[in-house]
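Colleague: Take this structure, written in structure tokens, and hold onto it; I'll ask about it next.
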Amino acid sequence: MPAGVVDAAAKGVRLERHAAGAAVLLRRASGAKQLVSASSHLLFRATVLATLALVVLFAVHYPSLLSRSFSLSAAPSSGSPSAARSRSSHRSLLGSGASYGGAAWEREVRRSATPRRDGGLSVLVTGAAGFVGAHCSLALRGRGDGVLGLDNFNAYYDPALKRARQRLLASRGVVVLDADINDAALLERLFAAASFTHVLHLAAQAGVRYAMQAPQTYVASNVAGLVSLFEVAAKHADPQPAIVWASSSSVYGLNTDAPFSEEHRTDRPASLYAATKKAGEAIAHAYNHIYGLSITGLRFFTVYGPWGRPDMAYFSFARSIVAGEPITLFRTADGADARRDFTYIDDIVKGCLGALDTAGKSTGSKSGKKRGPAPLRVYNLGNTSPVPVTRMVAILEKLLGKKANKRVVTMPSNGDVPFTHANVTHAARDFGYRPATSLEAGLRHFVDWFVQYYKLDIKGSNVLAGKTTKRKSMAMSAAS
């Protein structure tokens, strides 16, 4: 056979083999594609199922965050007729989900924000269902100012207490919207609906020790939330309002000079909470300088009284004493008792209203042009008389008619400081701030409210001794 024919035959055999191999590879590739496709479908389904599982777990463990993010219309927790009216009103005003606006909504916002006296203020109060916010809103409304409240009703402490404050405010004609200060779109709608002359910004994540557990919540509320409010007030309000906001005595941190003065160092915070408040004061300086916002910061010193915060020592101690549970008292490393400048809520309210009344006008505009410098102020609001925490406990024991089960430990390095002491000279000079309530008198008002609100039956104590006060009657009407 000729050599050329043999070579051709051999090449043909090799080509057939290559073709067969290629066919096998194609079949394998096709199978691999099918396998990858099936795997992709399985992976997609697994991802969807995992996401749904995470959403369910998130909803179970963090319902307050979901409601805050997606709902602006949570209803009061009471089944009373007044609560039902409030529930219906808020649903009709705010709509469902994250919707808001409309003619009825704007009418109700303007109604609540409109002053009832000549020359009255129109004040947006953030954190209005909080301790200080509720008291300030009542005082402003009581003297004829317009007040619109805003609160996100988070679960840092029992939201039922915040809802009770909301119902009390509703009974006085003050609307408190269920919303968050980080919702810039809502803030813009509010400033478009009502011409607020002032903002009293009290919304914040409070608490020194909780910052070690949930640091991001402090940044979100005390830093991002403050910027959100300043942004809208500077760029969307016409005219710009004057802003009074709550800083904190915690900014003094590791300062050892006493009494604490506004001129003292505030660059050594002892807690993340204090650091966020100090950051807020720096942010206020920037917005005042750039946009001409009139801004006043108030450094509160250990506020206490009726309708207070359950996480505060005096409140939690009262509950523990009644329940027969132990309380923990701190002492410094050298054995000294911790001391606090306890300041009664009525004195704080007078300071807040004084700051609002004397706040100068903002000088900026929506166009970004500034007519000149605007006021930038900061004040201490305290009682000027530090008291050992052990003395506060002794007063509670007397009022509740029961001894506390005390556990004394050395103060940990978790953000607490050994003492606070306010110098209020500047506030006294500029708006007549003069605290007038002793710790004994203030704690009696608190215990009267505490017993009535929680419907306690404390036999053998002198809790309700003495004359019925205006403060007590207000608490009883709100708790019933």
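Colleague: So which of Asp346, Asp337 is more than 23 Å from Ala270 (Cβ to Cβ) and among the acidic types (Asp, Glu)?
Modeller: Working: Asp337 fails: more than 23 Å from Ala270 (Cβ to Cβ).
Checking each option against the conditions leaves just Asp346.
Colleague: Within segment 288-328, work out how many residues are closer than 30 Å to Gly372 by Cβ and of a type in the set (S, T, N, Q).
Modeller: Number satisfying all stated conditions: 3.
Colleague: While we're on this one: Which condition number does Ser250 fail, the rest of (1) of a type in the set (Gly, Ala, Ser); (2) in contact with a strand residue (DSSP E or B) (Cβ under 6 Å, 6 or more places away or on another chain); (3) in a helix (DSSP H, G or I) being met?
Modeller: Failed condition: (2).
Colleague: Quick check on my filter: what residues within segment 253-284 are over 15 Å from Val208 (Cα atoms), in a helix (DSSP H, G or I) and in contact (Cβ under 8 Å) with a residue 40 or more places away in the chain?
Modeller: Across segment 253-284, the qualifying residues are Ala279, Gly280, Glu281, Ile283, Ala284.
Colleague: Would you point out which residue out of Phe330, Phe315, Phe300 is within 25 Å of the chain's Cα centre (by Cα) and within 18 Å of Arg391 (Cβ to Cβ)? Reasoning before the result, please.
Modeller: Values: Phe330 fails: within 25 Å of the chain's Cα centre (by Cα); Phe300 fails: within 18 Å of Arg391 (Cβ to Cβ).
Going through Phe330, Phe315, Phe300 in turn, the sole match is Phe315.
Colleague: Take the residues in segment 183-201 that are open to solvent by 30 Å² or more (accessible area, probe 1.4 Å) and touching a strand residue (DSSP E or B) at 6+ places or on another chain (Cβ under 7 Å), then tell me which one is modelled with the highest pLDDT. Explain how you work it out, then say what you get.
Modeller: Step one: filter segment 183-201 for residues open to solvent by 30 Å² or more (accessible area, probe 1.4 Å), giving 183-185, 188-189, 192, 195, 197.
If we keep only those that are touching a strand residue (DSSP E or B) at 6+ places or on another chain (Cβ under 7 Å) too, we end up with 195, 197.
Values: Ser195: 95, Thr197: 98.
Here the answer is Thr197.
Colleague: For segment 351-366, enumerate the residues that are part of a helix (DSSP H, G or I) and over 21 Å from the mean Cα position of the chain (by Cα). Show your work before the answer.
Modeller: Step one: of segment 351-366, the residues part of a helix (DSSP H, G or I) are 351-358.
Of everything in segment 351-366, those that are part of a helix (DSSP H, G or I) and over 21 Å from the mean Cα position of the chain (by Cα) turn out to be Gly354, Asp357, Thr358.
Colleague: Evaluate the following for Phe196: is it among the hydrophobic types (A, V, I, L, M, F, W, C), touching a residue at least 60 places away in the same chain (Cβ under 8 Å) and either out of contact with any Ser or Thr (no Cβ under 9 Å at 6 or more places or on another chain) or over 22 Å from Ile345 (Cα atoms) (or both)? Before the answer, list the steps.
Modeller: On the way: among the hydrophobic types (A, V, I, L, M, F, W, C): yes; touching a residue at least 60 places away in the same chain (Cβ under 8 Å): yes; either out of contact with any Ser or Thr (no Cβ under 9 Å at 6 or more places or on another chain) or over 22 Å from Ile345 (Cα atoms) (or both): yes.
In short, yes.
Colleague: State the number of residues belonging to segment 224-252 that are in contact (Cβ under 8 Å) with a residue 60 or more places away in the chain and surrounded by fewer than 19 Cβ atoms within 10 Å (Cβ to Cβ).
Modeller: Residues flagged as in contact (Cβ under 8 Å) with a residue 60 or more places away in the chain and surrounded by fewer than 19 Cβ atoms within 10 Å (Cβ to Cβ) within segment 224-252 amount to 4.
Colleague: List the number of the failed condition for Arg189; all other conditions in (1) touching a Ser or Thr at 6+ places or on another chain (Cβ under 6 Å); (2) in contact (Cβ under 8 Å) with a residue 60 or more places away in the chain; (3) over 26 Å from Tyr454 (Cα atoms) hold.
Modeller: Going through (1) touching a Ser or Thr at 6+ places or on another chain (Cβ under 6 Å); (2) in contact (Cβ under 8 Å) with a residue 60 or more places away in the chain; (3) over 26 Å from Tyr454 (Cα atoms) one by one, Arg189 breaks only (1).
Colleague: Pull up segment 204-221, narrow it to residues that are open to solvent by less than 20 Å² (accessible area, probe 1.4 Å) and either touching a Leu at 6+ places or on another chain (Cβ under 9 Å) or of a type in the set (Phe, Trp, Tyr) (or both), then point me to the one that is modelled with the highest pLDDT.
Modeller: Tyr218
Colleague: Listed residues Thr328, Thr437; which is hydroxyl-bearing (Ser, Thr, Tyr), open to solvent by less than 60 Å² (accessible area, probe 1.4 Å) and within 21 Å of Val132 (Cβ to Cβ)?
Modeller: On the way: Thr328 fails: within 21 Å of Val132 (Cβ to Cβ).
It is Thr437.
Colleague: Here is a list of conditions, (1) surrounded by fewer than 24 Cβ atoms within 10 Å (Cβ to Cβ); (2) within 13 Å of the chain's Cα centre (by Cα); (3) not hydroxyl-bearing (Ser, Thr, Tyr), and Ala129 meets all of them except one; can you say which number that is?
Modeller: Failing condition for Ala129: (1).
Colleague: Related question: Pick out the one residue from Leu169, Leu94 that is modelled with pLDDT under 95 and of a type in the set (A, V, I, L, M, F, W, C). Quick ask: steps written out before the conclusion?
Modeller: On the way: Leu169 fails: modelled with pLDDT under 95.
Only one candidate passes the filter, namely Leu94.
Per-residue answers, yes or no, for (1) acidic (Asp, Glu); (2) modelled with pLDDT of 95 or more; (3) within 22 Å of His135 (Cα to Cα); (4) touching a His at 6+ places or on another chain (Cβ under 7 Å):
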| site | (1), (2), (3), (4) |
| --- | --- |
| Met392 | no, yes, no, no |
| Phe419 | no, no, no, no |
| Thr425 | no, yes, no, no |
| Phe431 | no, yes, yes, no |
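The values are calculated or read from the model by the stated rules, or taken from the named source; none is laboratory data. Small disclaimer: the values here were computed from a predicted structure and weren't measured. We place every Cβ from the backbone using ideal geometry, glycine too, and count neighbours over all the protein chains shown. Surface accessibility is based on the protein's heavy atoms, side chains included, excluding ligands, DNA and RNA. Shrake-Rupley method; radii C 1.70, N 1.55, O 1.52, S 1.80 Å.
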